[in-house]
Amino acid sequence: MAKEISRFLLPFQEGQVFSAMRDKIHYAKSILYVSRFLLLKPNESTESSMKLVVGKMSRIFIFKQSKFLSFAFPLFVDIEKEEVLAIRSRWGVNIDSEIISKCFEILNDENFLHNPSLTGFYFRQQSPNDAVFNLLEEIIMFEPCYIRYDFDKERANGRRHPLYHLDVNYSDYGNFKMGLDEALLNDNFEDILNIETDCAYLQDAFKKTLRKPLILAKK
């Protein structure tokens with residue numbers, strides 16, 4: 001049975017994780033922010049929230065009013081009820097506030113951003129912290145599995161940019177949209193991505209002439 005743990009997000013926390021993902025550095029920062037939030041005591045109820053679901057899949061879901069996003073979470077989390085006991089990497093690195101801060105120091109370093117090679121940056125350090133570099137390498141090598149549900153009134157443009165749509169992947173050469181007939185709810189979004197429930201079907205996806213928007217439906 002899958003384990004779940006949820007956290008409400010304060011406005012500044014929401015701003016740290018709810019922008020459209022653009023690259024692997026952004027993905028690494030999002031994983032670090034999420035790990036930090038999980039280690040903190042829960043906030044009081046707010047409009048935005050996140051949920052970690054760990055079972056056959058390990059995914060973070062972030063909900064902000066009528067917009068949602070989700071990406072793979074590559075770290076192991078020990079959960080007891082609503083408390084996170086520990087977070088660790090697959091290579092055995094224990095994640096705490098100190099190592100998260102050291103990871104951010106690298107990801108925000110101008111020398112790294114100018115030449116974003118962990119290997120090159122590692123060998124330029126006088127006393128590199130192996131645990132920090134191992135953690136960052138593990139996160140950056142992981143497949144992000146990014147997907148975002150958007151309700152976009154401002155840029156809606158018929159079938160070219162549907163009012164309701166899913167953005168799949170984040171890079172300019174890999175991103176694509178799937179239009180939806182109507183709005184998704186939080187539970188619908190989770191269910192579509194849950195590999196332990198029935199598969200969602202793309203209706204009309206293989207017709208030569210599409211006369212209706214693509215619809216994600218459960219059979």
*asked:* Of everything in the range 105-133, what is among the polar types (S, T, N, Q) and modelled with pLDDT of 95 or more? Give them in sequence order.
replied: 108
*asked:* Checking the conditions here, which among 185, 163, 85 is outside the structural domain of residue 59 (by TED's automatic domain parsing), free of Cβ contacts under 8 Å to residues at least 40 places away in the same chain and closer than 28 Å to residue 41 by Cα?
replied: 185
*Which condition number in (1) closer than 29 Å to residue 153 by Cβ; (2) of a type outside the set (A, V, I, L, M, F, W, C); (3) touching a strand residue (DSSP E or B) at 6+ places or on another chain (Cβ under 9 Å) is the one that residue 33 fails?*
(3)
*Please name all residue pairs, on different chains or six or more residues apart, with Cβ atoms under 7 Å, provided the first residue is in the range 58-80 and is assigned by TED's automatic domain parsing to the domain that holds residue 2 and hydroxyl-bearing (Ser, Thr, Tyr) and the second residue is part of a strand (DSSP E or B) and modelled with pLDDT of 95 or more.*
58/72; 70/59; 70/60; 70/61; 70/147
*Kindly list, by first and then second residue, each pair from a residue in the range 1-23 that is without any contact (Cβ under 8 Å) to a residue 40 or more places away in the chain and assigned by TED's automatic domain parsing to the domain that holds residue 104 to a residue that is among the aromatic types (Phe, Trp, Tyr) and buried (at least 16 other Cβ atoms within 10 Å of the Cβ), limited to pairs with Cβ atoms under 8 Å and residues at least 6 apart or on different chains.*
13/33; 13/37; 16/33
_With more than 26 Å from residue 169 (Cα to Cα) and at pLDDT 95 or above as the only criterion, which of 60, 99 stands out?_
99
*Hey, could you check the range 126-135 for residues that are surrounded by fewer than 11 Cβ atoms within 10 Å (Cβ to Cβ) and among the polar types (S, T, N, Q) and say which is nearest to residue 31 (Cα to Cα)?*
127
_Scan of the range 190-219 for residues that are closer than 16 Å to residue 163 by Cβ and either modelled with pLDDT of 55 or more or surrounded by fewer than 11 Cβ atoms within 10 Å (Cβ to Cβ) (or both), ordered by number_ = 215, 216
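The values are calculated or read from the model by the stated rules, or taken from the named source; none is laboratory data. Bear in mind the structure is a predicted one, so any value in this text is a computation, not a measurement. Positions of Cβ are generated from backbone atoms using ideal geometry, with glycine treated the same way; all protein chains shown enter the neighbour counts.
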